[in-house]
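The values are calculated or read from the model by the stated rules, or taken from the named source; none is laboratory data. Predicted, not measured: the structure shown is a model, and the values here were computed from it. Cβ placement follows ideal geometry from the backbone for every residue including glycine, while neighbour counts extend to all protein chains displayed.
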Amino acid sequence: MEKRRVVITGSGLTSSLGLDVGVFYDRLEAGNSAVRVMEGWSDKLKINRIAAPVVLPEGLEKTIPRNFRRSMGRMSIYSALAAEKALHASGLTREFTASGRCACVIGSTMGSGESIMEASRIVILNDSENMPALQFFKCASHSAAFNTANFLGLTGCVLAPAAACASGLQAIGLGRDLIQSGAQDAAICGGAEEVTPEVTASFELMFAAARGFSGPPEYSSRPFAADRVGLVCGEGAGLVVLEEYEHAVKRGANIYGEIIGYATCGCGSHVSQSNHSSIVRCMDLAFRDAAVSPGQADYISAHATATLHGDAEEAMAIREFFGSQTPVSSLKGHLGHTLGASGAIELIASLEMMRRERLLPTLNLEHVADDCAGLDHVRSVREQKISIFVKNCFAFGGINATLICRRV
């Protein structure tokens, strides 16, 4: 049986560089970085107090009715706001989301980190009588998915992949599969994350977080660079609306692009170190699924988090699979690493690049590292038509994900 085609008909985000896709892209193109010193983080934690936070306009979160908001941590609020924008952009109605034919698939690394820490402090202080009644619903690993689904009145399939930094891309891949199989006609998919000092501290314990950079914070996230020092955590949410092609055409929807290939796989060898051979295998599986050749790709949106090992392994995999001619860049210099939201947020940026026919560069890439050389690194805004692009994500646990999109 011929597979159903799956297209993207809406997008929305809650990002550190803006809450509107157009504004977000313009700030990326202008070379803005959201990374800053987090004044509210205690210096007692002995961590590098830098991150790329979302700043919501005063009162915006209260536009979510309290009966939904009271079970949401910050991550779910980011997700609900982004999903509402994506749904509006798609033109799908709340009646359709209530029909049972629309899925909600939203991934994250875990539940609300801030809420988990709050609950832990209450337990440690033996103050459980003051535990908020709905605290568990903020902490649950599928918090963003079920809270967003309930907010939208969505009655179809609800899934919540938790695959660390691959979560958002896996969510979109799962949504694609649900529509291809005929189980659903549409899906609201993506990832959400919130940054906390405890999350940053965890990366520092694994020697992955940025340390030792002496310049201004906005220059500290330096993917592929010779002087890269580790990742900077970010936060936000990115959601896209996926739809069966004929369903979208019939209602006259605006089509952003078509998902033609997807794959995810494990490396089977290490929980924290990327492995170039398994990255190559994942990309190969995605291109086989898409039935196109690597040489047809016009752009690669790299995962590239600015870690020493991860960037080198990804660069090696791209060299081996694509050669040296396909343009590649990472947006982690602008946004930090938004973890479970990164695949979705960066996919939205790539869709906008395809629409505007412009490639965005890797910010702060002044000198390419020897172990990341041999690629066509985009280092300034470049005019280029994009017919096919690739989005990569690689996660702790040895998990890889690759998505391939085509202009329609």
| remark: Filtering segment 90-131 for residues that are over 20 Å from A145 (Cβ atoms) and either charged (D, E, K, R) or touching a Gly at 6+ places or on another chain (Cβ under 8 Å) (or both) leaves a count of 6
| I260: buried (at least 18 other Cβ atoms within 10 Å of the Cβ) and more than 20 Å from R355 (Cβ to Cβ), yes or no? | no
| How many of the residues in segment 188-212 are under 28 Å from L56 (Cβ atoms) and in contact with an Asp or Glu (Cβ under 8 Å, 6 or more places away or on another chain)? | 4
| said: Just the residues that are over 20 Å from E218 (Cβ atoms) and in contact with a Leu (Cβ under 7 Å, 6 or more places away or on another chain), please, taken from segment 20-31. | reply: V21
| task | Confirm whether E244 is in the same structural domain as A192 (by TED's automatic domain parsing), surrounded by fewer than 24 Cβ atoms within 10 Å (Cβ to Cβ) and of a type outside the set (K, R). | result | yes
| In this structure, is E352 surrounded by fewer than 24 Cβ atoms within 10 Å (Cβ to Cβ), in a helix (DSSP H, G or I), in the same structural domain as A401 (by TED's automatic domain parsing) and modelled with pLDDT of 95 or more? | yes
| request: Give the residue that is nearest to the chain's Cα centre (by Cα), with candidates limited to residues of segment 218-256 that are over 30 Å from L87 (Cα atoms) and assigned to a strand (DSSP E or B). | output: L231
| query | What is the one condition in (1) in contact (Cβ under 8 Å) with a residue 60 or more places away in the chain; (2) of a type in the set (S, T, N, Q); (3) in contact with a Gly (Cβ under 9 Å, 6 or more places away or on another chain) that Q296 does not satisfy? | reply | (3)
| note | The residue that is nearest to G333 (Cα to Cα), considering only those in segment 198-209 that are aliphatic (A, V, I, L, M) and in contact with a Cys (Cβ under 9 Å, 6 or more places away or on another chain), is A209
| query | Out of curiosity, is F203 touching a His at 6+ places or on another chain (Cβ under 9 Å) and without any contact (Cβ under 8 Å) to a residue 60 or more places away in the chain? | reply | yes
| Assuming V55 fulfils every condition listed in (1) outside any loop (DSSP other than H, G, I, E, B); (2) free of Cβ contacts under 8 Å to residues at least 60 places away in the same chain; (3) not hydroxyl-bearing (S, T, Y) apart from one, which condition is it? | (1)
| task | Give the residue, chosen from V55, V105, that is surrounded by fewer than 13 Cβ atoms within 10 Å (Cβ to Cβ), at negative phi and either among the small types (G, A, S) or within 24 Å of the chain's Cα centre (by Cα) (or both). | result | V55
| task | Of the numbered conditions (1) within 20 Å of R27 (Cα to Cα); (2) touching a residue at least 60 places away in the same chain (Cβ under 8 Å); (3) surrounded by fewer than 21 Cβ atoms within 10 Å (Cβ to Cβ), K385 fails exactly one; give the number of that condition. | result | (1)
| query | Is it the case that L87 is crowded, with 23+ Cβ neighbours inside 10 Å, among the hydrophobic types (A, V, I, L, M, F, W, C) and farther than 24 Å from A201 by Cβ? | reply | yes
| message | Checking the condition part of a helix (DSSP H, G or I) and either buried (at least 24 other Cβ atoms within 10 Å of the Cβ) or at positive phi (or both), which residue from G333, G268 passes? | response | G333
| query | Looking at A395, A315, A302, which one is within 19 Å of the chain's Cα centre (by Cα) and within 21 Å of Y219 (Cβ to Cβ)? | reply | A302
| query | When you look at S33, is it assigned to a helix (DSSP H, G or I) and under 30 Å from R407 (Cα atoms), yes or no? | reply | no
| message | Name the residue that is surrounded by the most Cβ atoms within 10 Å (Cβ to Cβ), counting only residues in segment 180-193 that are on the phi < 0 side of the Ramachandran plot and under 12 Å from the mean Cα position of the chain (by Cα). | response | A192
| Could you list, in sequence order, the residues of segment 179-217 that are assigned to a helix (DSSP H, G or I) and in contact with a strand residue (DSSP E or B) (Cβ under 7 Å, 6 or more places away or on another chain)? | I179, Q180, V199, T200, F203, P217
